[in-house]
Amino acid sequence: MSTGLGALWAEWTKFRTLPGTWWLLAAVAVLTVALGAATTGSVSADQCPTPAECHEDTVKLALTGTWLGQAAVAVLGVLVMSDEYGTGTIRATLTAVPVRGRVLAAKALVVAVAAGAAGTVAVLGSLLAARLLLPGNGFSTAPLSLAEGPTLRAACGTVLYLALVALLSLGVATVVRDTAGALTTVLGLLYAFPVVAMMLADGRWRDRLEELAPASAGLAIQSTRNLDALPIAPWPGLAVLVAWAGVALAAGAGVLRGRDA
């Protein structure tokens, strides 16, 4: 077995035996589906002239739970690195795999795949819940079909979004090392930016902040209607989150190489 595969296998073993891993992955799916179902169940076409004239983005409504599910993903991404610093096992890890960039790359692959798998279950569950709930509220379920291009883009993009949140969290945890500090930083990035943006009276600055915020920009990928009204288009928005995750991982790799365990 090559050193790279050995590092990957070691990180997978640590990941699946990390306390709370499977609970967090389950929480991603449960929280996402639950909030999405609550949101879609609360909307109605009663106030529209006809159901066809309702302008609700039912796909985005169905995936609203991502706002809550991403918190569990963030915790998971942070713990993958900070737990080793907390227990001191990082020394053994870096002794076994002296190439520190390889350690981080292995952790990144494991956590991204795990978050993506949980995200896939969450997205499919959310769309299924919406298909069951929306007809009773007067909406057609046609836009919720994965055969529709915009819906497929929103679904796949949401899975990528959650994987990128996990990578962003891993990168921040590698720099900060402390669980509480890393979680505060990541959750601040994900949730504080949109709150600050809503408080701005100037629409231009509000849009600019939403274009730069990792969550607001990244979740533009879920929109399937009125795209011209968005501060940033879906794929460029997800690219903003890619940049945030890339910078965090690059910073983490630099710090990991330059300091003692």
Stretch residue 87-residue 26 to full length: gain in nm at 0.36 nm per residue minus the Cα-Cα span? 19.5 nm
Output ³J(HN,Hα) for segment 190-195: one whole-Hz value per residue in order, computed from phi by the Karplus curve 6.51 cos²θ - 1.76 cosθ + 1.60 with θ = phi - 60°, and x for Gly and Pro. 7, 10, 6, 3, x, 5
At 7 Å along the Cα-to-beta-carbon direction for both residue 109 and residue 146, put a label point, then send me their distance in nm to one decimal. 2.5 nm
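Given 0.36 nm per residue, what is the gain on full extension from residue 200 to residue 227 after removing their alpha carbon distance, in nm?
Numbers: separation 27, 0.36 × 27 = 9.72 nm, distance 2.19 nm.
Computed gain between residue 200 and residue 227 is 7.5 nm.
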Footprinting proxy, 46, 178: sorted fewest to most Cβ within 10 Å, the residues are 46, 178
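Arranged from highest to lowest average of other beta-carbon atoms within 10 Å per residue, in what order do the peptides 223-235, 67-79, 145-157, 239-251 appear?
On the way: 223-235: 14.9, 67-79: 26.2, 145-157: 16.5, 239-251: 18.5.
The packing order, highest mean first, is 67-79, 239-251, 145-157, 223-235.
Bear in mind these aren't lab numbers, they're just calculated from the coordinates by the rules spelled out. Since this is a predicted model, take the numbers as computed values, not measurements. Neighbour counts run over all protein chains shown; Cβ positions are idealised from the backbone, glycine included.
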